[in-house]
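First the structure, in the form of structure tokens, and then the observations on it.
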Amino acid sequence: MENMFIRALAVISFTMVTKCKGTVLVTSDQQYAPLNGQITLTCNVDMDGVQDVNFKRGSTQRTQLGSCDIFGCQTSNAVKYSTSKNSEPSGYDLFYLTIKDFRETDSDDYHCEVAANRNSGSKYITYAVGITSVTLTPNTDPISVIENVQQQFTCVTSVSRPAAVVKWYLDDKQVTSGIFTATSQDVTTSTLTYTPERIHHDRGISCQGSNGGQDLISTNKPTLNILYGPSVPACTYDGSAMPSLIKVREGWEVRLECNSDGNPSPTLSWSHPGGGLSSPLVLSNFKRTHDGIFNISARSYLVPSFQQTANLSSSVKTTVQVLYPPDAPSCRVGSSTITSSTIYAVRGKTISMNCSCNSNPAPNYSWSMTGVSSSTSGQYIQLPIQDRTTVTLTLENTMQFTNGSTEQGRRESTFEVNVLFPPVVKPLANVVALERGNISVACQITAGVPNNTDFKWERIFDMIQVSMEQTLGIINIGRTQSGYYRCTASNLMEPTGYDATFGNSSNTVYIDVQYEAEVTNFTLSNSNHGQNFEVNENTKVIFYCQAKSNPLPNISLLKQSQYLKSATNTNDLEFTISESVCEDDGTYQCTAQNTHNTQADVRSLTLFVRCAPRATTLAPINHNVRSATGVPAVLTLKLVAFPRPSVKDFLWEKKDLATNTWHIVADDTYIDIIISEDGLQTELFFRSVEEKDFGSYIVHVNNELGTYSETFRLLAQERPHTPFNLQHLKNGTIDTVHIEWTPGFDGGLPQTFHVEYRDVETSVWRNDMVNTGKISHVIVGLSPNTIYEIRVYSTNDIGRSNVSNAIEVTTLKRPETDIPPNHAPVVGGAVGGSLGAIFAAVVLVLILRRKYTLHCSCNMSLSTKEDEHSGRNGHGDENQGYNAAVTYEVVSATKETPVYDALNVGNDGPENSQVYMPLEDSNPHVYYENVERDDAVYKNTVLKNPVQTVL
């Protein structure tokens, strides 16, 4: 009792510890149990501390087979089952169940269950079954199949565990493709989808099954009978391979020997033109109707065992030509088929003969004529007829047969050609007559074949018949009877193959009745009559001038004495303007004259083209007029317009660039607005161009049809004007000077500035070119504490400006010692007096050097003495000789500021420590005094010279 209590207590305690979830996996040492053998199941519990498991059997109701706990393993039937567990000290998670003497009734679900939490795993165990049979269907032997038509074979095994593996064979060669295998209820079914090939004929097909034991082969192994259609027939003709073209003589026998491969053996036949048996392949009397394509066919009827039947065929073609010599020709002359060898043709005509005949190959046609040594080839011939002749047609062909033999064919036909021709009218001499005179003209002929002749006289200009006699007579002839008259002599000719025709011959005589030329009409053909015509622009205008005279006159069309079109020997003249434009406006004349006129006869008309004003295309517009200041310039616009604009219809304007607006331009003391009398030209005339005149102009002109505007530009084109207001900026250093200036007029072209500078102690100027668009410059590389003279000029593509007034600038002095900023007050106090004395001495030296006179008052100032040197007497920026320099000097300070503070630059100087003060640009003559600026070192400066810059 005590041991059982301890065991139960241990189990309960362990159960309490192993309440956690986990997995239970059941495996077996064999896939299937051998009958009467044994199989062992392994229970793998994946959770901590499990010792108590139960082994059970059954799918719905489970039967206890055994168990294991911490004390050991037990079983309900030790003869049938045995249990054990893992005894390794690392854990107790493997438990074993062995089933002994396994029978068919032992097949069931087996479970491993954890007692503490009922987690379990299971596995179905059954016994192995060996394969006993393999059955192949269909089992017909032999089995007939069609080449390349798929056939399915099925192999079914008996029940077997494990599932059987099925293999397929053609004879002893394994088939590996087209196989689908499936297992259901331990029966394996393998389906082979087989595509028959001709090389597999008479091979046996079989399948083989195995599930681990001995291989088992299907009992039936049907032999394959591969059916396939006929091959392309291979034929021979006359002992050689059949060519694609066979040439035979009409009436010959033709025989072909052909064979074709197939299973079953195919039958042979042919089809061809002209009828006849399809088999055998022989024709004993070849006719022309047999000419054409022969199609030799091989046909097989395939009857497979389990597939649809098929009727297959293949064929080969050859062309047979039937050759024969030329038959009698069939000929046509003109439009008629001739049945006689006699032909009638008109002299001077060309007749066509066209003959054809049946032959194969086509014949060569050769024509020969009496009196002509060369022959003409071709089926068609053109015969120019002059004299009687004999024509012979020769037909030939060469027949070359496929068997190698050759035969010539030949035939001749002869034709006699008789000639027809009309009477010939002899030449007639022209007749010159005066009005109211009498004439007589005889029509002389040479008789034709046939010789019956008729006569007819016609007046050509109106084709009126005037006589049927051989001689023409006219009494009291008038000018209306002037012209050509024709005499025609004719006979009736009936040629072979052509319509009957009157053979005729004609000749003309000109009866000339002469009078002087006059213009009878000059107008616009599409307008009302008159002398003045108005048309709208883009209208088609046709000028028509008509005159009469004999001989015919010379007619000319002119516009304002300029020839537009002329014609000789004509009664009228037409000139067309397809689409009228304003430039067509003007006076036009038509003139007519012949040898009897003492002067040309003239008529005139005036054409007005209605249009809104616009620039004429007859004169180019100069939109961009270039000029220099001080010289005349003119802007010109030539117009076309109708109705004509009046003076009040013109308006000139100029564009103000500052406000981007246009302002009216009126007559001025030096500007004239000129309008031509006809209102077709306006000019804006400048007597002497000023700088302010350059810019854009627009002129407006209108009439009742519209308004037109044209824009002009008056462009400057001269050398640039002199730069001015040259100034020295405050931020100079011991070796640099900053300057700026105001550009002068650029002359209408881009200008480039050049800076010249020199040490006043030297005569050599140095030059810096300024970057385009810049009006300031930094001169670098200067010497400290040195006076420099500086001036500026500019250049453009025309030339160079005068140099500006020069200024003088002194670079800063280099400090002798560097005083730390925190010692400045002490040093300033200690040496303030000394620096003041030095500063005064420096100022005095500079004053004496520059010829300054000292004036003392409440504020100290410096004034410049007059420089009497002849080179400095001129003033103004246009004087090239004026290079006078101006000098800026310090005169007083308004507060106690250390002298060296004035030398500080950049971020190292005191705040607002301006050194130089610029002049106001608006008034160069201002006298600058007491100009204030925060913490400025230099103030109260005086400017005597108006171009000086305050420092």
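The values are calculated or read from the model by the stated rules, or taken from the named source; none is laboratory data. On a predicted model such as this, the values are computed, not experimentally measured, just so you know. So basically every Cβ, Gly included, is an ideal-geometry build from the backbone, and we count neighbours across all protein chains shown. We work out accessible area using only protein heavy atoms, side chains counted, and drop any ligands, DNA or RNA first. Shrake-Rupley method; radii C 1.70, N 1.55, O 1.52, S 1.80 Å.
Placing a label point 7 Å from the Cα of Ala310 along the Cα-to-Cβ line, the residues of the stretch 261-278 whose backbone N sits under 14 Å from it are 262-264.
With an a/c value of 1.5 or above and a/b not larger than b/c for the gyration tensor axes a ≥ b ≥ c computed over the alpha-carbon atoms, the stretch 482-552 is described as oblate. Using the Cβ-Cβ distance between Asn36 and Thr267 with R0 = 60 Å, the FRET efficiency computed as 1/(1 + (r/R0)^6) comes to roughly 0.30.
Once the chain from Ser366 to Val760 is taken as fully extended at 0.36 nm per residue, the excess over their C-alpha distance is 130.1 nm.
Using only alpha-carbon positions in the stretch 499-628, the gyration tensor eigenvalues give semi-axes of 41, 19, 16 Å once each is multiplied by 5 and square-rooted (largest first). Extending each Cα 7 Å along its Cβ direction at Ile698 and Ala658, get the distance between those two points in nm, one decimal. Result: 2.1 nm between the two label points. Between Ile542 and Thr376, the simple label model (points 7 Å from Cα in the Cβ direction) yields a spacing of 4.8 nm. Using the Cβ-Cβ distance between Thr289 and Gln386 with R0 = 35 Å, the FRET efficiency computed as 1/(1 + (r/R0)^6) comes to roughly 0.15. Simple point charges give the picture: +1 on the Cβ of Lys and Arg, -1 on the Cβ of Asp and Glu, and for the stretch 162-312 a dipole about the Cα centre of about 360 debye.
Report the one residue of Gly448, Ser482, Met493 whose Cα lies farthest in the direction of the positive end of the charge dipole of the stretch 430-530 (charges on C-beta: Lys and Arg +1, Asp and Glu -1; origin at the Cα centre). The Cα lying farthest towards the positive end belongs to Ser482. Full extension of the segment from Asp768 to Arg410, taken as 0.36 nm per residue of separation minus the current Cα-Cα distance, would add 117.9 nm. Across the options Gln599, Thr616, Thr587, the greatest Cα extent toward the positive end of the charge dipole of the stretch 511-628 (unit charges at beta carbon of Lys, Arg, Asp, Glu) belongs to Thr616.
For Glu250 and Thr137, a Förster radius of 51 Å and the Cβ-Cβ distance give a FRET efficiency of 0.20, rounded to the nearest 0.05. Label the stretch 198-327 by shape, choosing from rounded, prolate and oblate, from the square roots a ≥ b ≥ c of the eigenvalues of the Cα gyration tensor; if a/c is under 1.5 it is rounded, and otherwise prolate applies when a/b is larger than b/c, oblate when it is not. The shape class here is prolate.
Solvent-accessible area per residue in the stretch 192-303 equals 50 Å², computed with a 1.4 angstrom probe and all protein chains kept. About its Cα centre, the dipole of the stretch 414-520 is roughly 220 debye, where the only charges are +1 on Lys and Arg Cβ and -1 on Asp and Glu Cβ. If the chain linking Asp735 and Gln465 were pulled fully straight, counting 0.36 nm for each residue of separation and taking away their Cα-Cα distance, it would gain 85.3 nm.
Projecting label points 7 angstrom from Cα along Cα→Cβ for Leu170 and Gln152 puts them 2.0 nm apart. Can you bin the stretch 102-151 into rounded, prolate or oblate? Criterion: square roots of the alpha carbon gyration tensor eigenvalues sorted a ≥ b ≥ c, rounded for a/c under 1.5, prolate for a/b above b/c, oblate for the rest. It is oblate, given that a/c is not under 1.5 and a/b is not larger than b/c.
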